[in-house]
Amino acid sequence: MTKGQRAIALAMAAAVTAAAGSALAEEPKRGGTANVVIQPEPPGLIMGLWQNAPTQMVAGNIYESLLKYDQELNPLPSLATEWEVNDDGTVYTFHLKDNVLWHDGEPMTADDVVFSVTDFLAETHPRLRVSLEHVENVEALDDHTVQFTLKQPFGPFMGIFEVGSMPITPKHIYEGTNFQDNPANNHPIGTGPFKFAEWERGSHIHLVRNEDYHVEGLPYLDEVYWHVIPDGASRAVAYENGDVDVLPGGSVENFDVARLSELPNTCITGGGWEYFSPMAWMWLNNREGPLADKRVRQAVLYSIDREFARDAIWNGLGEVPTGPVSSKVRFYEPDVPRYDYDPDKARELLEEAGYDGEEIRMLPLPYGETWQRWAEAVRQNMQEAGFNVSMEATDVGGWNQRLGDWDYDMAFTYLYQYGDPALGVTRNYISSNIAKGSQWNNVQGYEDERVDELADEGAVAFPDEKRQEIYSEMQKIIVEDAPIAWLLEIEFPTIYRCDMKDLIQTAIGVNDGFGDAWLDR
Amino acid sequence: MGRLSYITRRLVKGLFVLLAIVILNFFLIRAAPGDPAQVMAGEAGASDEMFIEQLQERFGLNRPLHEQLFIYVKGIVTLDMGWSYRQDQSVASLIGQRLPATLLLTGTAFCISLMFGVLMGALAAARVGKWTDSLITTVALIFYATPLFWIALMAILLFSVYLGWLPGFGMVSVGAGYTGLAYIGDILAHLVLPALTLGLFYTAVYARMTRASMLEVMEMDYVKTAKAKGVAPGRITRVHVLRNALLPVITLAGIQAGQMIGGAVLTETVFAWPGIGRLMFDALLQRDYNLLLGIFFVSSAMVVLFNLITDLVYTFVDPRIEVS
């Protein structure tokens, strides 16, 4: 363990101790301000309109959904207090709280939920739209009861009620309007613990306590400021200087994490990403060139020292994946063929496949220094095992286009898995999802009939034991075929002052807002 | 020819130059790989075809290129710079919001650098070969050669982190609720580090240029004549040398002033200064065509304008130059 990793381990232990202490005895204190970093600046704060990470991070304080999820992905009450599922898993009934007010004082009812799902989000939320294809009907049984009837069982259905996936949006403001151009878009109205106060573009976003919040006593904080600081090094300095209290996961470059973790009153946690379960991998273009050969793709996996990259570049945070499903996602199957670091085995496979040293083009992810260094480490590993790898630089726009046009051999990326294979895994492996223009589908061009069948069956099978059986078989086939090179189950470290208590309480961490957080000052 | 008709002619010419710049930029930015719909879908982490089509429809990106160009140029002629895709606001209002911050930063840096640069350059030239000259030349060379972002980060570390004298980012203390003089003082405190950082580079440039230009003029016959006549050295430097040596400095100042509107991308980024430079950088990465074109348009208009002003200033400084 290096000095840096030791400092991080200590700061993580401090986080655990602080959380345990807070859970045991301390009475939360009211008042205070949280200063948090946001990068990049969000395009807007209407969560239903903008599904990007910075919007969710800020607007997760303003909007809510029917449920939240704990760090084991079990559903928790939010706008809904109770729920029932019928025996064959096709009818879901949610009972809503009866004391919820929108930030403008109007009561929130079941009609708002129906409007959000069938009108607003069906038009504006591409990711939710995919899940809604399984829904036959949504209706309000009374003011505080909503019922979803599905066309057939849809295994991950209980997992789509997270605020970023289904933000409940006010019907009285949006009904009958052009959602994109509604003047109310400059002043988001939600039901969450904090209300929108001010947005000084290029500088900061200011949220204030919702005095009428439907959970008695919450939130504890008076206000939250989100500071827009575009440069990674400057964000680190802002924390060091005491200007900000929280650096949400991914705010600073990984090489700054060890230094920051040594500061007094500093805690680090990798928690709060369980729902997203981000996994990093390299797309391998299965269509042409050396990587069309399964043995060459397997050699790629054997050639990479993934533990080294995890320890050296990601400060030892995260797990090395064994296959397409993250170990934090439901129906993960650990019993699959392993690709432990073995350059000799890689060389053997390359020889067997008759690889003649043809150049392989690698696109790093243009998301900063961490990803650049990672690409360099992987390239060095692969060169040592006999590959001829060249790196090609792009910016985000260029990277999108190259992947959308399939103009690459290997490309770094990371995607969210949303807790269930049917939501965030199978989309990358089924052949019906091979289409140009997207960076989230089956970009590598992998085709296997059995995998297609299993993915279809797994989504609608009932109950969970059946789904586990199906997804286990699917994972074994995919790992054997090595269509992409899985690199890391990422845990973006969130760095914060230890006297900021109860910061991360759910499976989406700071994205669920500061509703429970309080300052022990 | 009178000054007025000269100015009118130059302005009309300038308008055509601007139009050409607008059209060139329109195609240039579209030649970059990727488009705004793709980048925004990327940020959303999802892209069914319907979503991309919705975005393209909304931004008019699905129309033929010549139609897009026609719509854009028609807008520009009426000073309508369109809508920013990513920021979801009109380009004019975005530029308007950021302009004061940028002008404050670049304007302060401009004044600092012009004043100190010329002073240092003149001092070095007057003491050529002495230790003052060596010192100024060396320091100027160091600041000229050191990357701005590095100076910026070191300045933050020293003055903000270790010494705690000055704020390290932003333009105001967010949430402090200052008003009146305290508010102005707060902005000035935030301005010191970015303005000095940006100013140092240009100070070095002006110092080097003034020194070189003055040394050249000092070799002129009329300077020798003045010396032979027994004119006091201070007067020779001020009246005969400096004034004649200022022409290249004015050219450079004109260029710098023209670029002021474009902001200072690196300085604004490191200091989280909410100016136009950063807006432009973000717009570039996000392929926010209208916003980028809008910023290019405004800043090229400024360059054209300041070129004209520079040419006019020449005629005042050096009466031998005539408008023609």
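What the table below lists for this structure:
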{"item": "Segments classed as strands (runs of 3 or more DSSP E), wholly inside segment A:23-91, with at least 3 members that are within 14 Å of chain B (Cβ to nearest Cβ)", "result": "A:33-38"}
{"item": "Positions within segment A:471-491 being buried (at least 22 other Cβ atoms within 10 Å of the Cβ) and in a helix (DSSP H, G or I), in sequence order", "result": "A:471, A:474, A:475, A:478, A:479"}
{"item": "Which listed residue is among the aliphatic types (A, V, I, L, M), free of Cβ contacts under 8 Å to residues at least 60 places away in the same chain and either within 14 Å of chain A (Cβ to nearest Cβ) or farther than 18 Å from residue B:189 by Cα (or both), from B:124, B:176, B:101", "result": "B:176"}
{"item": "Any hit, segment A:173-182, residues being away from chain B (no Cβ under 14 Å) and not in a loop (DSSP other than H, G, I, E, B)", "result": "yes"}
{"item": "Check on residue A:288, closer than 22 Å to residue A:406 by Cβ and out of contact with any strand residue (DSSP E or B) (no Cβ under 7 Å at 6 or more places or on another chain)", "result": "yes"}
{"item": "Sole exception among (1) more than 24 Å from the chain's Cα centre (by Cα); (2) without any contact (Cβ under 8 Å) to a residue 60 or more places away in the chain; (3) crowded, with 16+ Cβ neighbours inside 10 Å; (4) closer than 26 Å to residue A:150 by Cα for residue A:461, by number", "result": "(2)"}
{"item": "Tally, over segment B:267-324, of residues that are within 14 Å of another protein chain (Cβ to nearest Cβ), among the charged types (D, E, K, R) and more than 18 Å from the chain's Cα centre (by Cα)", "result": "2"}
{"item": "Pair list, Cβ under 6 Å, 6 or more apart: segment A:273-292 residue in contact (Cβ under 8 Å) with a residue 12 or more places away in the chain and more than 14 Å from residue A:485 (Cα to Cα), other residue crowded, with 21+ Cβ neighbours inside 10 Å and basic (Lys, Arg)", "result": "A:274/A:328; A:277/A:328"}
{"item": "Segment A:357-404 - residue that is acidic (Asp, Glu) and touching a residue at least 60 places away in the same chain (Cβ under 8 Å) and, of those, nearest to the other protein chains (Cβ to nearest Cβ)", "result": "A:369"}
{"item": "Complete set of residues in segment B:54-74 that are part of a helix (DSSP H, G or I) and farther than 19 Å from residue B:25 by Cβ", "result": "B:54, B:55, B:56, B:57, B:58"}
{"item": "Number of the exception - residue A:169 against (1) of a type outside the set (Phe, Trp, Tyr); (2) crowded, with 23+ Cβ neighbours inside 10 Å; (3) out of contact with any Gly (no Cβ under 7 Å at 6 or more places or on another chain)", "result": "(3)"}
{"item": "Single unsatisfied condition, residue A:206 versus (1) in contact with a Gly (Cβ under 9 Å, 6 or more places away or on another chain); (2) in a strand (DSSP E or B); (3) touching a residue at least 40 places away in the same chain (Cβ under 8 Å); (4) within 13 Å of chain B (Cβ to nearest Cβ)", "result": "(3)"}
{"item": "Of residues in segment A:222-249 being facing another protein chain (nearest Cβ under 7 Å) and in a strand (DSSP E or B), the one farthest from residue A:61 (Cα to Cα)", "result": "A:228"}
{"item": "Single residue of A:73, A:45 found to be under 26 Å from the mean Cα position of the chain (by Cα) and at positive phi", "result": "A:73"}
{"item": "Number of positions in segment A:281-310 that are crowded, with 23+ Cβ neighbours inside 10 Å and in a strand (DSSP E or B)", "result": "3"}
{"item": "Which numbered condition residue B:28 fails, given (1) part of a helix (DSSP H, G or I); (2) under 27 Å from residue A:126 (Cβ atoms); (3) within 14 Å of chain A (Cβ to nearest Cβ)", "result": "(2)"}
{"item": "Contacts under 9 angstrom Cβ, first residue in segment B:258-284 being part of a helix (DSSP H, G or I), partner buried (at least 23 other Cβ atoms within 10 Å of the Cβ) and acidic (Asp, Glu), 6 or more apart", "result": "B:276/B:268; B:277/B:268; B:278/B:268; B:279/B:268; B:281/B:268; B:282/A:41; B:282/B:288"}
{"item": "Residue tally, condition crowded, with 17+ Cβ neighbours inside 10 Å, part of a helix (DSSP H, G or I) and more than 31 Å from the chain's Cα centre (by Cα), over segment B:39-53", "result": "5"}
{"item": "Among the candidates B:228, B:245, residue that is modelled with pLDDT of 85 or more, part of a helix (DSSP H, G or I) and surrounded by 14 or more Cβ atoms within 10 Å (Cβ to Cβ)", "result": "B:245"}
{"item": "Unique residue being of a type in the set (Val, Ile, Thr), within 14 Å of chain B (Cβ to nearest Cβ) and closer than 30 Å to residue A:270 by Cβ when the list is A:484, A:508, A:504", "result": "A:508"}
{"item": "Only one of B:118, B:128, B:139 that is in the same structural domain as residue B:294 (by TED's automatic domain parsing) and at pLDDT below 90", "result": "B:128"}
{"item": "Residue check for residue A:359: more than 22 Å from residue A:479 (Cα to Cα) and modelled with pLDDT of 95 or more", "result": "yes"}
{"item": "Verdict on residue B:65 being away from chain A (no Cβ under 14 Å), more than 30 Å from residue B:236 (Cβ to Cβ) and touching a Phe, Trp or Tyr at 6+ places or on another chain (Cβ under 9 Å)", "result": "yes"}
{"item": "Residues satisfying the stated conditions in segment A:358-382, i.e. more than 26 Å from residue A:415 (Cβ to Cβ) and out of contact with any helix residue (DSSP H, G or I) (no Cβ under 9 Å at 6 or more places or on another chain)", "result": "A:359"}
{"item": "Residues of segment B:75-91 classified as within 14 Å of another protein chain (Cβ to nearest Cβ), in a helix (DSSP H, G or I) and surrounded by fewer than 19 Cβ atoms within 10 Å (Cβ to Cβ), total", "result": "0"}
{"item": "Test: residue in segment A:164-172 that is modelled with pLDDT under 95, at negative phi and outside the structural domain of residue A:508 (by TED's automatic domain parsing)", "result": "yes"}
{"item": "One residue from A:261, A:303 being within 29 Å of residue A:498 (Cα to Cα), among the polar types (S, T, N, Q) and more than 14 Å from chain B (Cβ to nearest Cβ)", "result": "A:261"}
{"item": "Selection from segment B:123-164 of residues that are surrounded by 13 or more Cβ atoms within 10 Å (Cβ to Cβ) and under 14 Å from residue A:231 (Cβ atoms)", "result": "B:148, B:149, B:151, B:152, B:153, B:155, B:156, B:157, B:160"}
{"item": "Subset of segment A:416-447 [within 13 Å of chain B (Cβ to nearest Cβ), within 18 Å of residue A:292 (Cα to Cα) and in contact (Cβ under 8 Å) with a residue 40 or more places away in the chain]", "result": "A:428, A:443"}
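The values are calculated or read from the model by the stated rules, or taken from the named source; none is laboratory data. Computed from a prediction, not measured in an experiment: that's the story for all the values here. Cβ: placed from backbone, ideal geometry, glycine included. Neighbour counts: every protein chain shown.
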